[in-house]
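Colleague: Below you will find the structure I want to go over with you.
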Amino acid sequence: MTSRSSRVASAAWLLAAVLSLVQSVELVAAPLQDLGQAARISGDWCAQGDKNKRCSISNNGPFLTFTNEQGSSSTGQFTNMQQTEFSATQWQSVRGSLSPDGLRIDWSNGTYWMRCGSSGGGGGGRRPNLDGTWYRDGNRAQRCSIRQKKGQLTLKNEIGQTATGSFDSSRRITTYWSGQPIGGTISSDGNTIRWDNGTSWSR
């Protein structure tokens, strides 16, 4: 009986030790995950995609520091498990959401930040080829087109209206329809443009 009790006690101790080790690994892994996501959004950003409106995000472990184009700073932190959403405490807790391609942050106050180009904004990175036929909201009955030449764009929408445009960055363009600017964000595969007016073009 003594030998059996000893074996049971040893097994129980071993199980407790394994559980303790697993918990320790989880505690270490959690901050590392925070650091990975914080590093993903750290760096230079441009307010409204304007290379002259520089912003930045830095991190200290899982904690974030935001600085806007006016030089105002705020601390912040992630607010969801996926760590793609965050809040800026000193800016009346305005909330930010990172796009899937990591190139845009949409803020709850209606503004947005775009990744600045590696050469200082204004089209850094390789531009996708947008030349060809597009369809509004994916509807094949609503045909649109884009002609691209050296970064300059000529667009025609589904009702025949035309516009000119240019790249702000590799994933951001600004177009002008009768003098009215409408920005667009290009998907990571280059096959969808999501316009700031709530519509989209795809091919």
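The values are calculated or read from the model by the stated rules, or taken from the named source; none is laboratory data. Here the structure is a predicted model, which is why all the values come from computation and not from measurement. Neighbour counts are summed over all protein chains in view; Cβ atoms, including those assigned to glycine, are modelled from backbone coordinates with ideal geometry.
Colleague: Tell me, please, whether a residue that is within 24 Å of Gly96 (Cβ to Cβ) and in contact with a Ser or Thr (Cβ under 9 Å, 6 or more places away or on another chain) can be found in the range 156-166.
Modeller: No; the residues of the range 156-166 include none that is within 24 Å of Gly96 (Cβ to Cβ) and in contact with a Ser or Thr (Cβ under 9 Å, 6 or more places away or on another chain).
Colleague: Limited to the range 122-180, what total is found for residues that are small (Gly, Ala, Ser) and more than 24 Å from Asn52 (Cβ to Cβ)?
Modeller: Number satisfying all stated conditions: 6.
Colleague: Oh, and also: Got a sec? Which strands (runs of 3 or more DSSP E) wholly within the range 137-190 have at least 3 residues that are surrounded by 17 or more Cβ atoms within 10 Å (Cβ to Cβ)?
Modeller: 143-149, 162-169, 172-177, 180-186
Colleague: Step by step: first the residues of the range 107-131, then only those that are in a loop (DSSP other than H, G, I, E, B) and among the basic types (Lys, Arg), then the one that is modelled with the highest pLDDT. Which residue is that?
Modeller: Only one residue fits best here, namely Arg127.
Colleague: For the range 124-136, state whether one or more residues are of a type in the set (Lys, Arg), surrounded by 18 or more Cβ atoms within 10 Å (Cβ to Cβ), in contact with a strand residue (DSSP E or B) (Cβ under 7 Å, 6 or more places away or on another chain) and touching a residue at least 60 places away in the same chain (Cβ under 8 Å).
Modeller: So far as the range 124-136 goes, yes, one or more of its residues are of a type in the set (Lys, Arg), surrounded by 18 or more Cβ atoms within 10 Å (Cβ to Cβ), in contact with a strand residue (DSSP E or B) (Cβ under 7 Å, 6 or more places away or on another chain) and touching a residue at least 60 places away in the same chain (Cβ under 8 Å).
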